[in-house]
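Chemist: This is the structure I have questions about; it appears just below.
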Amino acid sequence: MAPLRRRLVAAVSLASALALAASACSSAAGGSSESAGPTTVTFWSMPYWIGQDTKVKALVEEFNASQDKVKVELTLLEWKDGRDKIKQAIAAGKGPDVWLMNNGLELDYLKSGALAPLDKLGYTAADTGTFLPLAKVDEYDGKMYGAPLYFDVDVMLYRTDILQQYGFTAPPRTWEELKTTAAAITTKSAEAGKKVSGWQFKGMDDHLNAINSTWESFLCQAGGSLTSPDFKTSTQNTEAGRTAMDYMKSFYTEKISPTGTSALNGFISGDVAMFPFFQSVVANVQAGGEKVAGKWAIAPMPAGPKSGCSMVGGHSLVAGSASKNLAGAGVFMRWLASPERSAQYMDFRAIFPYDLDKVAPAVKATVEGKVKADPNWDAIFEQLGRNTPDLLLQDRHAFQARWDAQKANIVAGVNGQAPVDKALKTIDEAVGQALGKE
């Protein structure tokens with residue numbers, strides 16, 4: 001699974017650099033004036049089609065073949081450093097016209113005015129009104145700046161064969177059921193001579209960055225928030241935060257989950273029965289072939305004391321406000337982030353970002369056909385309906401400081417290396433300092 005987020009460019013004040021870039025003559029290296037014949041639009045992207053890295057290139061080629069007034073030049077970046085390269089190029093005034101950004105967008109870009117609002121790219125109110133309400137994650141000061149390609153939500157993946165082997169005919173629906181189910185599987189399998197971990201928190205394993213979405217899901221379910229309503233105070237060291245971390249920690253103190261076991265790899269090999277992550281991880285699960293074929297399913301997240309909400313993710317397209325090619329950029333964005341293309345993204349379990357009642361009948365039929373062909377979509381859409389934009393809008397503020405602090409301190413608090421109160425207090429201190437600088 002690709003990393004969810006990025007690290008700020010060292011020694012560069014992004015807000016001021018982006019403001020300078022916004023006044024540059026051109027935001028795109030090699031970009032041409034719209035009056036000088038066919039418009040060339042530069043697009044920088046990571047391979048967001050999970051499981052098939054060449055798909056983005058194929059989509060751009062398809063777009064170019066369909067156009068005579070706009071041509072897109074694709075620069076395909078790697079997940080490990082793609083976001084940093086985009087930041088560096090934009091700070092130098094040499095960034096692309098269009099690029100890929102996480103849903104929720106990045107506050108530095110928004111505050112500096114470096115992004116073009118969708119109404120400057122040819123989007124009408126009717127166009128943006130076709131998106132799901134969750135698309136509010138791409139709004140800032142009353143305007144929409146990102147065109148969602150798809151959404152992700154944290155869900156629970158479970159091995160149907162393992163649950164059935166130990167007498168469970170349905171996945172757990174609450175924290176209490178999750179705990180008892182996982183404990184029974186871990187204990188009984190060990191007694192039988194081949195221990196299977198009933199549960200693993202994604203991020204307490206070989207994908208540390210994932211602890212952020214995992215933690216924020218469980219914090220939300222406990223009734224917690226990341227910040228105060230005015231985004232000025234970090235609010236994790238609260239009763240809700242302690243409830244969430246104590247619950248997660250209990251899986252390790254009670255030896256239900258072993259620290260260090262890979263959630264994804266263990267799930268594929270049959271050494272982990274259940275784990276949570278974004279539903280698009282299905283593409284990675286399916287890469288397990290015969291090891292998993294017909295042996296797994298998706299369920300909504302087990303509900304916590306306050307709700308069954310979870311973290312929201314996914315990706316959007318954005319355009320630079322300094323681009324000379326805004327009209328062409330808008331043509332391309334409306335094509336790549338169109339209902340027709342978003343229906344295709346469902347092939348890697350990406351969530352369709354449009355209201356089905358507001359798209360063309362042919363698109364609606366395509367989406368409904370994909371949903372009917374895979375019963376896991378029912379669980380995904382149930383989870384989608386539980387979520388609001390709130391958590392992602394909070395996460396936009398002091399994002400990098402929070403995700404760095406959580407990666408270190410959530411793991412330490414959950415595995416017992418640090419007291420729960422200290423882990424949460426350390427997060428609030430680090431994030432609070434960053435919030436104070438916004």
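Chemist: Of everything in the stretch 74-117, what is of a type in the set (Lys, Arg), open to solvent by 60 Å² or more (accessible area, probe 1.4 Å) and under 25 Å from Met311 (Cα atoms)? Give them in sequence order.
Modeler: Residues satisfying the conditions are Lys80, Lys111.
Chemist: Only one of (1) within 26 Å of Ala116 (Cα to Cα); (2) touching a strand residue (DSSP E or B) at 6+ places or on another chain (Cβ under 6 Å); (3) surrounded by fewer than 22 Cβ atoms within 10 Å (Cβ to Cβ) fails for Arg341. Which number is that?
Modeler: All conditions are met except number (2).
Chemist: Can you tell me which residue is most open to solvent (accessible area, probe 1.4 Å) among those in the stretch 44-73 that are touching a residue at least 24 places away in the same chain (Cβ under 8 Å) and touching a Ser or Thr at 6+ places or on another chain (Cβ under 7 Å)?
Modeler: Lys69
Chemist: Tally up the residues in the stretch 349-396 that are open to solvent by less than 40 Å² (accessible area, probe 1.4 Å), touching a strand residue (DSSP E or B) at 6+ places or on another chain (Cβ under 9 Å) and in a helix (DSSP H, G or I), please.
Modeler: Looking only at that region, the number is 13.
Chemist: Also: What are the pairs with Cβ atoms under 6 angstrom where one residue, in the stretch 177-198, is part of a helix (DSSP H, G or I) and the other, located anywhere, is open to solvent by 10 Å² or more (accessible area, probe 1.4 Å) and modelled with pLDDT under 95? Sequence gap at least six, or different chains.
Modeler: As it stands, the answer is Ser189/Lys195, since those pairs meet every condition given.
Chemist: Output the residue which, of all residues in the stretch 66-123 that are among the acidic types (Asp, Glu), over 28 Å from Ala401 (Cβ atoms) and part of a loop (DSSP other than H, G, I, E, B), is modelled with the highest pLDDT.
Modeler: Asp97
Chemist: A follow-up question, please. Filter the stretch 258-286 down to residues that are modelled with pLDDT under 95 and more than 18 Å from Asp347 (Cα to Cα) and give me whichever is least open to solvent (accessible area, probe 1.4 Å).
Modeler: The extreme case among them is Ser262.
Chemist: So, one more: For the stretch 405-421, how many residues are within 24 Å of the chain's Cα centre (by Cα) and either part of a loop (DSSP other than H, G, I, E, B) or touching a residue at least 60 places away in the same chain (Cβ under 8 Å) (or both)?
Modeler: So the answer is 6.
Chemist: If only one of Thr186, Thr214, Thr169 is hydroxyl-bearing (Ser, Thr, Tyr) and in contact with a Pro (Cβ under 7 Å, 6 or more places away or on another chain), which one is it?
Modeler: Sole residue among the options that is hydroxyl-bearing (Ser, Thr, Tyr) and in contact with a Pro (Cβ under 7 Å, 6 or more places away or on another chain): Thr214.
Chemist: Right, something else. Would it be correct to say that Ala319 is within 30 Å of Phe63 (Cα to Cα) and assigned to a strand (DSSP E or B)?
Modeler: It is true that Ala319 is within 30 Å of Phe63 (Cα to Cα) and assigned to a strand (DSSP E or B).
The values are calculated or read from the model by the stated rules, or taken from the named source; none is laboratory data. On a predicted model such as this, the values are computed, not experimentally measured, just so you know. Every residue, glycine among them, receives a Cβ derived from its backbone with ideal geometry; neighbour counts consider all protein chains shown. Remember, those area values only see protein heavy atoms, side chains included, never the ligands or the DNA or RNA. Shrake-Rupley method; radii C 1.70, N 1.55, O 1.52, S 1.80 Å.
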